[in-house]
1. Tell me which residues, restricted to region B:124-135, are at the interface with chain A (Cβ under 7 Å from one of its Cβ atoms), in a helix (DSSP H, G or I) and either within 14 Å of B:K56 (Cα to Cα) or of a type in the set (D, E, K, R) (or both).
2. Test A:D155 against the stated conditions and say whether it is surrounded by fewer than 22 Cβ atoms within 10 Å (Cβ to Cβ) and within 26 Å of the chain's Cα centre (by Cα).
3. Can you confirm whether B:G261 is more than 10 Å from chain A (Cβ to nearest Cβ), touching an Asp or Glu at 6+ places or on another chain (Cβ under 6 Å) and under 25 Å from B:E118 (Cβ atoms)?
4. Looking at region B:142-157, I want the residues that are more than 10 Å from every other protein chain (Cβ to nearest Cβ) and have a partner that is part of a helix (DSSP H, G or I) with Cβ atoms under 9 Å, at least 6 apart or on another chain. Which pairs are those?
5. Got a number for residues in region B:223-238 being in a helix (DSSP H, G or I), over 14 Å from B:A196 (Cβ atoms) and not acidic (D, E)?
6. Does A:D97 satisfy the condition of being surrounded by fewer than 22 Cβ atoms within 10 Å (Cβ to Cβ), of a type outside the set (V, I, T) and within 14 Å of another protein chain (Cβ to nearest Cβ)?
7. Kindly indicate which of A:S271, A:S230 is touching a residue at least 40 places away in the same chain (Cβ under 8 Å) and polar (S, T, N, Q).
8. Just checking, which of A:A77, A:A129, A:A13, A:A17 is away from chain B (no Cβ under 14 Å), at pLDDT 85 or above and more than 30 Å from A:T253 (Cα to Cα)?
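The values are calculated or read from the model by the stated rules, or taken from the named source; none is laboratory data. These figures come from a predicted structure and were not determined experimentally. Counting neighbours? That spans all protein chains shown, and the Cβs are built from the backbone with ideal geometry, glycine included.
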Amino acid sequence: MSTQETTLPAPAAGDPARRRPPTIQSLRDRWNNLTRFQQWAALIPVLVLIYALPILNPPLLTTEPGTNFPIALFNAARFALIAVGLNVVVGQAGLLDLGYVGFFGVGAYVAALLTSKDSVILHHVPFLAVLPIAMAVTMVTGVVLGTPTLRLRGDYLAIVTLAFGEMVRLLADNLPPLRGNSGFQAIGHPPGTQADGNPIFSQTNGTPWYWLMVTLVVVILVLVGNLERSRVGRAWVAIREDEDVAEMMGVATFRYKLWAFAIGAAIGGLSGALYAGQIGFVNNQKFDVVTSVLFLAAVVLGGSGNKVGVLVGAFVISYIPDRFVQIAEYKYLIFGLALIILMIFRPQGLLGARQRLLARGREAYQRLIGRPEQVSSESALAAEPAKGAGA
Amino acid sequence: VIHQLTTLLAEGGDWIKFDVATFSQQFWDNTIEGLAQGSIYALVALGYTLVYGVLKLINFAHSEVFIVGAYGVYFTFFDLGFRPGPTPELAIGELIANLLLACVVAMVISGLTAVALERVAYRPLRRKGAPRLVFLITAIGASFVIQQLLFIWRGGNPEPAIRLLRPKEVFTIFGASVTNLQILIVVASLLLLLVADTFINRTRLGRGIRAVAQDPDTATLMGVNKERVIMLTFLVGGALAGAAALFYMMKIPAGAQYQGGFLLGIKAFTAAVLGGIGNLRGALLGGLILGLVENYGQSLFGGQWRDIVAFVLLVVVLMFRPTGILGESLGKARV
């Protein structure tokens, strides 16, 4: 699993030029050796560039005339948020969730029920207030689903979450207040009007939605990043690497798994609510298992457990069909082939997970035996054996 | 808000019914239909269970192996000269010969698809010792690929229905009619499952499968050819899915559609998990229970709740028996 020889492009775009050809590993070490302040300083230009994308509309990158570029960007950012949320569940805690679209759907329906004029709930809530409500509701859903099922082992959990995703879709079909195929029109949007009286957050103008989404992605990334570096994050990695050992070491595995599940669910709900707001319409057609699989594909493609990786994966999954509309018909065929080929040649995804826990442990050990501090985690990466091989 | 919701749920009471009268009236009809449906589930579930038992892998693409078999059935019928439209009157011998031929073709096609899948998507990963999540992702990828190839080849509409056997009441039990089709499906499925069970438990090759399921490394040391055993497992599982495809096509003649395997695949996997995945008899039990409960639930709550009933059953069973009703056993020591 060593990544030393790899020639993939660097994940951290803010790095200065180097004499030797940069590798992911050396860039990573360099990045990790920067102070927090320096990291932010390097990231801010990148962020500015990302924010400016819909205005710049760069010629090669643009998806027009096939797809409206700001809306394509919004969808990419939406996938990014979903991937970050699913990454907490799959990448960090190692829980295989095949029904993530269920949480996404719950979030979308919460937004629809609370803001649409078609809703049975006549007391409407401002859209920005809907976002925390949607997160709270999906979090509760996550806890309700997780409490009985998280005691199950990996594959059983996979099928139960798959069933959950289908259940959400079927409930949307069958419960009259959820309006089945006819759906909800005119779902709310954030406040504010332009000079001509049209709302800023309209369905045709993706740019403000994109900015809102990117902002939320950044906020969520920071929050999740802090969690990862905390006791909770270490517990997740321990559970992912070996649940039995983690349990023996005194990690309250069930509680932390439930945390991961609930946090992932809340992020899924948030993206669902935003999606409903941008599209302005929700019905039962958008929450099938295939969508769930696409979400999972985004995480695994980029490299589950690696935040930059899942962002890249999400961008690829969402952007490619928008950019190359002529192949959109073969989207799933190409995804399928790409998944097989990628997994065969690079099972850890485009950018693999960092074995931070192992790296930290090695670091501490080296400090203990009095050798100079060395942040490199190369050997730790190489020392990690592939777990649970098929047969 | 909550008040509004509760009043609404109380008012609009017709979205779900709790119809005990219909349920008890149709009980035996549902039992028989459930058994027929359940035996199809069981046949497909066996494919999941075998592969899981040997490789600890959810073969997500097994539903596509099944639907490829359904296409095989359709084209066999078509090439035999049958066309969509009224059911032809066939002599019993001719009927059996045609069905057997379709069954063999479907079993071969599905079995070969499963083996090809193993070759292309799983074997390279096994060589690398990839983590289990990776296998699942390639399985999903393979599932997409097969579905889309079928879509590109035949389009999105299901193939038109070709019937060879018109369901006809043979006898009644407690007032419920039992058709020749239902008898055929249940008896043939049980026979196939019996053969599969005997094959795994009594023959030399079956012992190889069990040995690899228990401990692949030790089995290799004892002279078992692991790769061949794995191929055999996929072949047997695929062939059973092909047989299931024939019964499915007889029950739902317009069933050959590129996405048609998906829901049945989930259901069959649910059945496998329900009975205890990796356990052959568990697959049978799980399939039958799932078929029965679905049909009972349908008459009790209304047709639109059929799938939900199945999934709720799964969650409830796993809450109380986390490894299924019979538990995992293919891998457990058994002499």
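1. The answer is B:L125, B:R126, B:K128, B:R132, B:L133, B:V134, B:F135.
2. yes
3. Values: more than 10 Å from chain A (Cβ to nearest Cβ): yes; touching an Asp or Glu at 6+ places or on another chain (Cβ under 6 Å): yes; under 25 Å from B:E118 (Cβ atoms): yes.
In short, yes.
4. B:L150/B:E64; B:L150/B:I67; B:L150/B:V68; B:L150/B:Y71; B:W153/B:Y71; B:R154/B:Y71
5. Quick first cut of region B:223-238, residues in a helix (DSSP H, G or I) only: B:226-238.
Filter once more, so that each one left must be over 14 Å from B:A196 (Cβ atoms): B:226-231.
Next, from what is left, pick out any that are not acidic (D, E): B:226, B:228-231.
The qualifying residues number 5.
6. Values: surrounded by fewer than 22 Cβ atoms within 10 Å (Cβ to Cβ): no; of a type outside the set (V, I, T): yes; within 14 Å of another protein chain (Cβ to nearest Cβ): yes.
No, not satisfied.
7. Unique residue meeting the criteria: A:S271.
8. Matching residue, one of A:A77, A:A129, A:A13, A:A17: A:A77.
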